[in-house]
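A short write-up of the structure that comes next.
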Amino acid sequence: IERTLSIIKPDATKRNLTGKINAKFEEAGLRIVAQKRIQLTMEQAGKFYEVHKERPFYGELCEFMASEPVVVQVLEGEGAIAKNREVMGATNPAEADEGTIRKEYALSVGENSVHGSDAPETAAEEISFFFSGLEIV
Ligand code: ATP
Ligand code: MG
C-alpha cells in the first residue's frame, strides 16, 4: 500500500474548500491517514520547493504558499501517488480534465489548489518533511 504527500494550498483553504477537496480524495479510494493545518514560513516554503528554485515562478510560488494556512496530509491507497495526481488534474486548470480538483477549483496555474508528490522517492521525502512516523495512522 502506497502513501503520498498532499497539500491543500492557500487559495483553497482561504475559500473554505478543504472538505470538498477531501471528499474527492475519499471518493477516489484514498484514505487520509494524517492531516494538519499549518502556516508555512517563507523559509519552509523555499525549502519544500527547492527543486524549482531556478524556475522563474519560484519566488511567487513561495510567497503564495506562505500567504495563508495550508492543510498538509498523507494519503494512503493502492497506487496512491498516481491516483492522487489523477484526482488533482493537470497543473494548469485550463488543461485539467472534467471532475478533477483543479478543473473545479483552481484559479490559475500558480494558485492551483493542491500539491501532490510525483514519485515514490519524493513522496517519502515530502512526507517526512511534515510528519513524524507517529503522526501517521
Ligand atoms: P505540484 O508539485 O504543486 O503538485 P505539479 O507537479 O503539477 O504541481 P510542478 O511543475 O511541480 O507542478 O510545479 C509546482 C507548482 O509550481 C505548481 O503546482 C504551481 O503551483 C507552480 N507553477 C508551475 N508552473 C507555473 C507557472 N508557469 N507559473 C506560476 N506557477 C507555476
Ligand atoms: Mg510537482
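Cβ separations smaller than 8 Å between residues 6+ apart or across chains give the following pairs from the stretch 108-123 residues that are under 18 Å from Met65 (Cα atoms) and in a strand (DSSP E or B) to residues that are at pLDDT 95 or above and open to solvent by 30 Å² or more (accessible area, probe 1.4 Å): Gly116/Arg85.
Checked against (1) touching a residue at least 60 places away in the same chain (Cβ under 8 Å); (2) surrounded by 13 or more Cβ atoms within 10 Å (Cβ to Cβ); (3) among the acidic types (Asp, Glu), Glu78 passes all but condition (2).
Filtered by the rule that a residue be open to solvent by 50 Å² or more (accessible area, probe 1.4 Å) and either closer than 22 Å to Lys47 by Cβ or not in a helix (DSSP H, G or I) (or both), the stretch 93-107 gives Asp97, Glu98, Leu107.
Only residues that are at positive phi and either without any contact (Cβ under 8 Å) to a residue 24 or more places away in the chain or open to solvent by less than 10 Å² (accessible area, probe 1.4 Å) (or both) were counted across the stretch 1-58, and they come to 1.
Scanning the stretch 1-34 for residues that are touching a strand residue (DSSP E or B) at 6+ places or on another chain (Cβ under 7 Å), more than 13 Å from Phe129 (Cα to Cα) and polar (S, T, N, Q) gives Thr13, Thr18, Asn22.
The values are calculated or read from the model by the stated rules, or taken from the named source; none is laboratory data. Remember, it's a predicted structure, so these values are computed and weren't measured experimentally. Cβ sites come from the backbone with ideal geometry, for glycine too, and all protein chains shown count toward neighbours. Accessible surface is based on the protein model in full, side chains and every heavy atom, while ligands, DNA and RNA are left aside. Shrake-Rupley method; radii C 1.70, N 1.55, O 1.52, S 1.80 Å.
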